[in-house]
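All remarks here apply to the structure that follows.
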Amino acid sequence: MEDKHMLMIPGPTPVPEKVLISLGKHPIGHRSGDFSKIIAEINQNLKWLHQTRNEVLSLNVSGTGAMEAGMINFLSPGDRVLVGVNGKFGDRWAQICEVFGLQTERITSDWGTPLDPEEIRTKLEADTNKEIKAVVITHSETSAGVLNDLETINRHVKAHGEALIIVDAVTSLGAYNLPIDDWGLDVVASGSQKGYMIPPGMGFISVSEKAWQAYETSKFPRFYMDLGKYKKANAKDSSPFTPPINLMFGLQTALQMMQREGLENIFARHGRLTQATRAAAKALGLGLLAPDNAASTAVTAIQSDDAEAIRATMRQKYDIALAGGQDHLKGKIFRIGHLGFVSDRDILMTISCLEATLTELNYDFESKSGVKAAAAALV
């Protein structure tokens, strides 16, 4: 059947009908007074979502572009950085650092295992000459469904005194309580196709005063990705370059929807969906890659040697898209996204179809056990 495709992946995520309607409006001039008012509203609501008084800058990039901008605007060639790597995206940030000539030291753990804050603390405390200029952390490591202890890691970075903390919050912003000002986070990057409930194409960066001080001495060349240009434009409710006008129509609507739901309810919903998905997997006898105490609220990684067969059946028979494993986990896990515009009903429907799929693949489990476990967690 046409138009029944259901996205249950960690990005892109489902887009609300109200947002789709906004996306379809006729463009207006991006230097007009009317569009300036839209930018002003968006900027204010982005600060609300980020729980910050800092500037939140909007770029025409994906989350990867936002992270790259978050590095090259506040560091210089040869700077020493620590990068947490326990999944695909931590590894990507380390690669970006290496490409730009940063002295990159990887702090690693197995995929699905949270980073050890003590290892980072030890490295920072040993740096008596204050050579470490930044610690780069993926908060919610989407590839493995694991949530790193950013709050504790950030405390160790603050104790160091010199280093910035640069955070990939691409799948945690809008899905997990991330009080940027209360924690004193310096650079926080995210992307539109995740918790923001709009299509891909925009990246967002929250920047602290400490980071802006580092910007003044950063020596990387940049033009389009020069965040100073975006800061000046923000102050005038404008943009330094042509913005994605229709995406911003959608963003305006999505942020209004999020405000009506409220931050506490948004975070509670994501927590509830996470627990329901994990409870269902356990009831069906499936293994979970990440531990309960470090579970991402964006996506659940489920272990199975039949991962690709499960994904194919879910897509072909029920038109539900699940994410697969990446790199060495390809074919060994499948991932159920529960990020953004996802409801209790969506989870129950997905688990019900997953049970039917497992039955077809001759898995042995108690009938309806997954749905019952999920329903109980959603009460």
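Quick note: the coordinates plus some simple rules give every number you see, no bench work behind them. This is a predicted model, so every value here is computed, not measured. FYI the Cβ positions are ideal-geometry reconstructions off the backbone, even for glycines, and counts take in every protein chain you see.
Straight-line reach from LYS317: taking Cα to Cα under 17 Å and skipping same-chain neighbours fewer than 8 places apart, the aspartates and glutamates in range are GLU2, ASP3, ASP306, GLU308, ASP346, GLU355, GLU360.
With Cβ to Cβ distances under 11 Å as the rule, what net charge do the other residues near GLY340 carry (K, R +1; D, E -1)?
Overall, the nearby charge balance is +1.
Under a model in which nothing but the beta-carbon of Lys, Arg (+1) and Asp, Glu (-1) is charged, the chain shows a dipole of about 900 debye around its Cα centre. Remark: segment 330-339, residue by residue, has Karplus-estimated 3J(HN,Hα) of 4, x, 10, 9, 10, 10, 9, x, 9, 10 Hz, where x stands for each Gly or Pro and the curve is 6.51 cos²θ - 1.76 cosθ + 1.60 at θ = phi - 60°. GNM remark for the chain: springs join alpha carbons under 10 Å apart, and the peak mean-square fluctuation among ASP346, ASP292, ASP327 falls on ASP327. Summarising the amide proton neighbourhood of LEU164: residues at separation of 5 or more, or on other chains, whose placed amide H is nearer than 5 Å comprise ALA134, VAL135.
For the residue pairs LYS330/LYS368; LYS130/LYS219; LYS25/LYS88; LYS4/LYS368; LYS18/LYS368; LYS88/LYS282, alpha carbon separations beyond 30 Å are given by LYS25/LYS88; LYS18/LYS368.
Under a 5 Å amide H cut-off, with hydrogens placed 1.01 Å from N, THR108 pairs with VAL85 among residues at least 5 apart or on other chains. Near ALA283: Cβ cut-off under 12 Å, other residues only, Lys/Arg at +1 and Asp/Glu at -1. The net charge is +2. DSSP beta bridges fully contained in segment 104-184 are about 25 percent antiparallel.
Once you've got the GNM for the chain with C-alpha springs shorter than 10 Å, pick whichever of GLU264, GLU355, GLU55 has the biggest mean-square fluctuation. Among GLU264, GLU355, GLU55, the largest mean-square fluctuation in the Gaussian network model of the chain belongs to GLU264. Checking the a/c ratio against 1.5 first, then a/b against b/c, what shape does the Cα gyration tensor give for the chain? Judged from the Cα gyration tensor, the chain comes out oblate (a/c at least 1.5, b/c at or above a/b). The mean sequence separation of alpha-carbon pairs under 8 Å and at least six residues apart, normalised by the residue count of the chain, gives a relative contact order of 24 percent. Rounded to the nearest Hz, the phi-derived 3J(HN,Hα) couplings of segment 134-146 under the Karplus curve 6.51 cos²θ - 1.76 cosθ + 1.60 (θ = phi - 60°) are 7, 10, 10, 10, 8, 5, 10, 7, 4, 5, 10, x, 10, where x marks glycine and proline.
Contact order, relative form, for segment 63-121: 34 percent (alpha carbon pairs under 8 Å, 6 or more residues apart, mean separation divided by residue count). Backbone amide hydrogens, once placed in the peptide plane, bring GLY201 within less than 5 Å of SER192, GLN193, excluding anything fewer than 5 places away on its chain. Would segment 333-377 count as rounded, prolate or oblate if I go by the C-alpha gyration tensor, calling it rounded below 1.5 in a/c and otherwise prolate when a/b exceeds b/c, oblate otherwise? Note, shape of segment 333-377 comes out oblate.
Each Lys or Arg adds one and each Asp or Glu subtracts one; over the other residues with Cβ under 13 Å from the Cβ of LYS37, this totals -1.
Mean separation of Cα pairs under 8 Å and 6 or more residues apart, divided by the residue count, gives segment 301-350 a relative contact order of 39 percent. In the chain, the longest principal axis of the Cα atoms and the axis of helix 33-50 are about 70 degrees apart.
Largest GNM mean-square fluctuation among THR242, THR300, THR350, using the chain with Cα springs under 10 Å: THR242.
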